[in-house]
1. Rounded to the nearest 0.05, what FRET efficiency do Asp407 and Ser364 give with R0 = 30 Å and r taken as the Cβ-Cβ distance? Could you check?
2. Work out, step by step, the length gained on full extension between Met770 and Glu598: first 0.36 nm times the residue separation, then minus their alpha carbon distance; give nm to one decimal.
3. On the accessible surface of the stretch 422-494, probed at 1.4 Å, how many percent belong to carbon and sulfur atoms?
4. What's the whole-number percent of alpha carbon pairs in the stretch 661-753 lying beyond 17 angstrom?
5. Rounded to the nearest whole Å², what accessible area per residue is found for the stretch 110-174 with the 1.4 Å probe?
6. What are the extents of the Cα atoms of the stretch 249-388 along their three principal axes, in Å, largest first?
7. Measuring with a 1.4 Å probe in the full set of protein chains, what accessible area per residue, in whole Å², belongs to the stretch 385-427?
8. Taking only protein heavy atoms and a 1.4 Å probe, what accessible area per residue, in Å², does the stretch 466-592 have with all protein chains in place?
Amino acid sequence: MAKYSSAELCDITGGQQLLQDDNITVTRLVTDSRKLSLSDGSMFVAIAGERHDGHLFIGSLYKAGVRAFLVEREIDVSTLSGSAVIMVDSTIRALQKLAAHHRSSFEFPVIAITGSNGKTIVKEWLNNLLAGDYVICRSPRSYNSQVGVPLSVWNMDSRHTLGIFEAGISMPGEMDNLAKVIQSDLGVMTNISDAHRENFASRFAIAKEKVKLFSGCSRIIWCADYPELTEAFGHSSFEDKEMITWGIAVPGHKRTFGIVRKTVEGGYTHVEASWKGKPVHFSMVFADPASVENAVTCIVTLLTLGYSQADIQERLSRLAPVQMRLEVLDGVNHSTLINDSYSSDIHSLDIALDFLKSNDGGKSRVVILSDMLQTGLMDHELYSEVNRMLEARLVEKVYCIGSSIADSAEVFSVPAKFYPAVQDFIREFDLREISQRAVLIKGARSYRFERITEFLQEKSHDTRLEVDLGALVHNLNYFRARLSESTRLMVMVKAFGYGSGAREIASILQFSNVDYLAVAYTDEGVELRKAGISIPVMVMNPEAGSLATLIRYRLEPELYSLRTVREFLHELAYHQEEEAYPVHIKIDSGMHRLGFVEEDLKELLAILKRETIIRVASVFTHLSSSENPEHDSFTRHQLSVFEGACSKIQKATGGTFLRHALNTGGIQRFPDAQYDMVRLGIGLYGVSSEPSEQAALRPVSTFLSHISQIKTIEKGDIVGYGMSYQATETRRIAVVPVGYADGLRRSLSNGKGFLMVRGQRAPILGRVCMDMTMIDISNIDCSEGDTVEIFGPSLALSEFATMSETIAYEVLTS
């Protein structure tokens, strides 16, 4: 474990001690005030970002017990007695200096991984393939940023024998900093694509920046099928490196690992290749190109480390697709499952517990945990630390599986129950014990905890909408970066969170410190309050019969007419409110949907001036065509009408309120009209009408099903209702359990639409049924049970919406 005195940290960073306490020892670094688990030994690194300033949270962290702070501006230390406060020019650079110094204390080898895609998968797979031979320190999940890399390296200690760290960049000039932190011996490059292209002139510019990570490596592994990498590694600074290249064997082009033949059969990929001139053969349980590429990268890495073909082939059976995020699933008895059943170590557990805390929906927390393997710690020390982490997250109970964790039962103050093996847990566990609870399932790969996930998951048919919460946070931060520092953010979670799950989405948004949420109806807001959402929630269409409930749950109504104002005042009179109740005034600036028009303003102003039991929290309007440049003159007219109404309301009430007009389409196009707040809607879910913006967003929703049955039909055979399709030749078709009841429009029948199977388009044959659809797979190598994608990574939601002759909003909410 890292252990430094405040004086040492000051020397390493070149900082100035604003407050000194020589008795303080730092073992942990914290950059997110929400993720403080243990205050003892923690130092808070206050980072001032585009949207959040960590210095604002120093007071709350001091109250929570933190006594060491790294800052980059003068702060009032009079309230921080007994603390060590170090000021530096840049806390991010200082954090990197600390990690680089810490890294230099260890001589064991370190593998550095970068590339446009696949970094996290390759890192996790290498960890799995090498487990047992090394005690590995690796990046937790995808900690690969300017902050994430030093936090990962800080976890190195004397018990480790290998480091595996991933590094990512989004701007030129960033990789040099990370190279100094990681100080790698072996470099692994995954690939090059247009990811994060927005800040680089070309793919070559991306490659040129990424290869800087390997400046100190003696050996570098990379795929020579990418010409940009060949050009980037052709620089003179790499002449003294051993270059281990792989790719398709091409005459006249040298490959250390040259692929001669690649075949796919029954879901397996078989690769015939040459390794340093000798034939080798590997089989892997993947068929999609991305997984195969990542697996080959791992194979070449193990060959480079001296492993034999037979040993590698045996280890390949350990690999399974890695979830790029912690999955949130519906469990039995109204429980929520957080599935992280791929790995179990102290650092990934820390992250998983934070995720549990932010996604518990107000439910009690329980954890199902396996033995932790190859940690290098004595069991008593290891599980004492685990117990402290569980206590800090207020975990109600932990269910432990394995012999080593059972041998340390006495260290658990958190109520614990022990099982020898997974099958014992499944046989003996009473499902009522997780009723109405949030459950983290965290197990080492060898324990096959996916069996527990399957046992506890609420059973439903295999047509499903998967929601990537990591992508949602990425999109949130994308839009936040485009707001001025003072602009607040309201996020729309109406219509079941645009079909993505309002409670889950709202929990993430609350954890991410958005200012407001908005729903369409009172019952949607009530569900959020019951799920533990405490931030302000605006109800856009508060019906008269729901006003008492709205007030009881502290929801804030949109008032859009004189009738709604009178109805709310009438209901509010029956409630004993100590303070004026916040309301939101909607102005109709020309769209002619809900809202006050000019002729109503005089009476509205008189009411607002007279009635002291309400206060105007915000005034807002809705723009008709903010995304369409052809209608900019009308948009400007709407903004002018809105500003005039706001001026009259301010003059009449004499109070201050938030003004907001921009929706997703307007945030980028009208930065001068951000006012005090903006409303983010469809953009959060990865949809934009602006091509450059769309390229920067990540898809949040993936709509999937599977093949129920495959059959061959002959010429003249018909498919589906109404004999609407008749085969003109022998065809191979698949039946998929998805139909118009699931949102797959009937208008896509008879070849107007298609579904994606193994990355290929399979036209719809016959009519789309209520819960079944038939597709043509004559030219696709697939099997029963294979995944079918309706929209997602292979078919963008926007393209699917266009094909369906509708818009993304309707697709998601249907």
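The values are calculated or read from the model by the stated rules, or taken from the named source; none is laboratory data. Since we're looking at a predicted model, the values are computed, not measured. FYI the Cβ positions are ideal-geometry reconstructions off the backbone, even for glycines, and counts take in every protein chain you see. What goes into the accessible areas is simple: the full protein's heavy atoms, side chains included, and nothing from ligands, DNA or RNA. Shrake-Rupley method; radii C 1.70, N 1.55, O 1.52, S 1.80 Å.
1. 0.65
2. So the chain would gain 57.2 nm between Met770 and Glu598.
3. In the stretch 422-494, the share of accessible area belonging to carbon and sulfur is 43 percent.
4. 68 percent
5. So the stretch 110-174 comes to 24 Å² accessible per residue, rounded to a whole number.
6. 62, 36, 23
7. 42 Å²
8. Per residue, the stretch 466-592 has 39 Å² of solvent-accessible surface.
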